[in-house]
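Take a look at the structure below.
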Amino acid sequence: MRVLFVYPSIDCPAGINHGLAAISGVLKAAGHETKLLHVCEKLWPIPTYDELKELVEDYDPGVIGFSAMSQQYDWCVEMAGRLDADFDITTVVGGVHCTMVPEKVTEDGAFDFVCVGEGELAMLDLVEKLVAEEDPTSVANMRIPANRIDRVLGRVTCALGSEPLSYGGSGPIVNKVGAFPELTELPGKDYDLFDLDHIIRERNGWMGMLTSRGCPYKCTYCFNQEIVDRYLEDGAASKGKEYLRHYDFRRILDEIKELKRRHPHMTTLIFDDDLFTLNRQYVKEFCQAYIEAEINLPFVVNAHVQKFDEEMAGNLARAGCMIVKYGLESGSPEIRRQVLWRYMTNDKIEASFQAAHKFNLHTSAFVMFALPHESWEQIKETIRLCARVKMGRFRWAIFFPFPGTAGHRITMEADLIDPEKAKGMGNYFDGSCLKFGAEHDLLIEKLGKCFHWWVNAETDWPTAPRYRELVEELEAMDRVQWDQCKDKIQDRDRQVSEQFMKQGLPHYSVRYSHVMAVHSDFVEWERRKMASNASPDNLEQYSLD
C-alpha cells in the first residue's frame, strides 16, 4: 500500500521528524511504499490545497497520515476536511498533540483514526489490515471518532462485498495503547523520506539524530510524564522506566557512516535525545565507540545538570563533542519547584556548567520566562544566574502552555490563558498567550527581543556599563516608544556587538536566531575557522540549535 505522510512544521526550524522516519522505515521493511509532503516555509513555499490535491491524485495513496504538533493541528484539520470532500481515502493523525489531548482530537472527528503514543507498530498493523481487507477497528493505539465509524466499516464492507459491519456502541472506538516498541528490534529509520540534501544544506551541514527515547523527569512544560501515564493506565507498561530505551550504539554509528557517505556536506551531528546523558555507562561506551569508528564529526548533546559531571564531560570532549545543552529554564528556585517541577539547585547548575567548561566544551542553556506566577524579580534571578554561569550561549523562550501538560493545567487553574492569543500563536518565541496585564506584557515583549542585554548588564565584564545604559533606556520606554523602535533592536544589537568585537571585549549578541545569544569568544572562533576554510559567505549562516 502507498502511504502519504503530511508533516507541517510551519514557523518552525527546518529539520526531520524522527517519528515519521521510524514509521516509514517499519512500513517499507514490510513492503509498503511511503512518500512525504513536508510543509515548512524555511525549505519551500507552503503548498496550496490545490497542490496537495494534485499530489494525492498523482500518488494515489491508500492512507494519508498527518503528524501534528499543537500549533499545526488546525492546519491539519483544515487540509483533512478538504481532502474528505474530494477523496475517499483513510486518514490518520498522530504526533504529540494527539497523545496529549486524544479525547479532544477524537471528539473533533476530523480524521478516520487518531494515533495515540508511539506509532510504528500501530501504523503497520493498520496498513496491513487495510491491505488484507480486515476489520481495522481494534488496532492498538488507534481511536476512531464516533462520526467516522460507519465510514471506516463501510470501506471494509465494500472491499469484502459482505453484509454491512456494525458497531454496537454510541461513542468513539477507543483502543488501548500497545507496549513500547523495542528499539533494537525496529527496522532502520527511513531518512530518505526527507529531502535530506536540502535540509542539511539549509541547516548548513547540521543533521539531527536520536540514540534513545524517553526522559525520567516530570517538567510541567513537557509531555514525557503524560506519555508514561497513558501507557501505565492502559496496562501497556508496568513501570515508567520501560519508557527509557536506547538504540544499540553500534547501529547508530553505522547509520552515521552511511549518512556521512551519502551526504558529504554533513558537518555536525545533533543528538536530539531528550536526555543524552541519562545513562552514564551508555555515554561512556558510545564515546569510545565513536572515537574508534573514526566518525570525525563534531556533535551536540542534551544534558541535565543532575546527570552531568567532570567524568562525563571528559568522555564527551575526547569523542569530539562540540556543545552541551542544558535545560536551565529559570534561575528562581521557587519557580523551578512550584511551576516547572525542576528540582535542582543553582549551585548544582553552576557546577555542571563548570564541569563542561573545564574540558573546553561549549555550553548552551535554554531559559524561559513569562511563566505563571512569575514576578519581574524572579525573572531577574534567571538573568543573574546566566550572568554568573557565563555559558557559551543561551536561547530563550516565552512559556507556552501546551494542551495536556501539567503546565497547561497550572495555567488554567490560575485563569491566565487568553484563548484568542493562544489560538493565533505559531511558536513560543514571539509573544505570550498569558494574561499578565499591559505593563508586564510590555516587559515580556522587550525581553523577547533582547533578553541578553539584561544578562550582559549583570556581568562583571567591561562591556556591562554600556548594556546597563541600553537596558535603562528600554525599561523607560512606554508602549508607543517601544513600538516605534522594536523592529530596529536587532540591527542596534549587531552594531554594538561589532564595536566590542573589534575591541576584543566579551559580551553576548544575537546570532543564528532572533532568540539566541552567543558569547563573543565563540563568534570570533567561528570567524577564524570559516576564514581558514575560505568560506566568508557562510559566516552568518552557521546554524546552531
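The values are calculated or read from the model by the stated rules, or taken from the named source; none is laboratory data. What you see is a predicted model, and the numbers here were worked out from it, not measured in a lab. All Cβ positions, even for glycine, are placed from backbone atoms using ideal geometry, and neighbour counts span all protein chains on display.
Here are a few things to note about the model shown:
- Answer from PHE500, PHE436, PHE399 - the residue that is touching a strand residue (DSSP E or B) at 6+ places or on another chain (Cβ under 9 Å), farther than 30 Å from ARG528 by Cα and of a type in the set (Phe, Trp, Tyr): PHE399
- Per the conditions (1) surrounded by fewer than 23 Cβ atoms within 10 Å (Cβ to Cβ); (2) more than 24 Å from SER9 (Cβ to Cβ), the sole criterion not satisfied by VAL139 is (1).
- Per-region count, segment 10-34, residues in contact with a strand residue (DSSP E or B) (Cβ under 7 Å, 6 or more places away or on another chain) and either of a type in the set (S, T, N, Q) or in a loop (DSSP other than H, G, I, E, B) (or both): 7
- Which numbered condition ALA146 misses (of (1) in contact with a strand residue (DSSP E or B) (Cβ under 9 Å, 6 or more places away or on another chain); (2) surrounded by fewer than 21 Cβ atoms within 10 Å (Cβ to Cβ); (3) within 20 Å of MET1 (Cβ to Cβ)): (3)
- Among the helices (runs of 4 or more DSSP H) confined to segment 371-444, the ones with at least 1 residues that are buried (at least 19 other Cβ atoms within 10 Å of the Cβ) and within 18 Å of the chain's Cα centre (by Cα) are located at 406-413.
- Pick from segment 169-211, criterion assigned to a helix (DSSP H, G or I) and without any contact (Cβ under 8 Å) to a residue 24 or more places away in the chain, ranking: surrounded by the most Cβ atoms within 10 Å (Cβ to Cβ): ASP192
To keep it simple, each residue is scored yes or no on (1) closer than 25 Å to LYS446 by Cβ; (2) modelled with pLDDT of 95 or more; (3) not assigned by TED's automatic domain parsing to the domain that holds GLU526.
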{"residue": "ILE335", "(1), (2), (3)": "yes, yes, yes"}
{"residue": "HIS362", "(1), (2), (3)": "no, yes, yes"}
{"residue": "PHE366", "(1), (2), (3)": "yes, yes, yes"}
{"residue": "ILE383", "(1), (2), (3)": "yes, yes, yes"}
{"residue": "TRP396", "(1), (2), (3)": "yes, yes, yes"}
{"residue": "PHE402", "(1), (2), (3)": "yes, no, yes"}
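- Put simply, of GLY31, GLY25 the only residue that is within 23 Å of GLU118 (Cβ to Cβ) and exposed (fewer than 14 other Cβ atoms within 10 Å of the Cβ) is GLY31.
Results for (1) touching a Cys at 6+ places or on another chain (Cβ under 7 Å); (2) closer than 23 Å to ARG395 by Cβ; (3) not in a loop (DSSP other than H, G, I, E, B), shown as yes or no for each residue.
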{"site": "TRP454", "(1), (2), (3)": "no, yes, yes"}
{"site": "TRP461", "(1), (2), (3)": "no, yes, no"}
{"site": "TYR467", "(1), (2), (3)": "no, yes, yes"}
{"site": "LEU470", "(1), (2), (3)": "no, yes, yes"}
{"site": "LYS486", "(1), (2), (3)": "no, yes, yes"}
{"site": "GLN490", "(1), (2), (3)": "no, yes, yes"}
{"site": "ASP493", "(1), (2), (3)": "yes, yes, yes"}
{"site": "VAL496", "(1), (2), (3)": "no, yes, yes"}
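Here's the yes/no breakdown for (1) farther than 14 Å from VAL92 by Cβ; (2) touching a residue at least 12 places away in the same chain (Cβ under 8 Å); (3) in the same structural domain as VAL127 (by TED's automatic domain parsing):
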| residue | (1), (2), (3) |
| --- | --- |
| PRO13 | yes, yes, yes |
| ILE23 | no, yes, yes |
| ILE46 | yes, yes, yes |
| GLU54 | yes, no, yes |
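- Every residue from segment 101-121 that is among the aliphatic types (A, V, I, L, M) and over 18 Å from TYR7 (Cα atoms): VAL101, LEU121
- Residues satisfying the stated conditions in segment 92-149, i.e. in a helix (DSSP H, G or I), modelled with pLDDT under 95 and farther than 19 Å from PRO172 by Cα: VAL96
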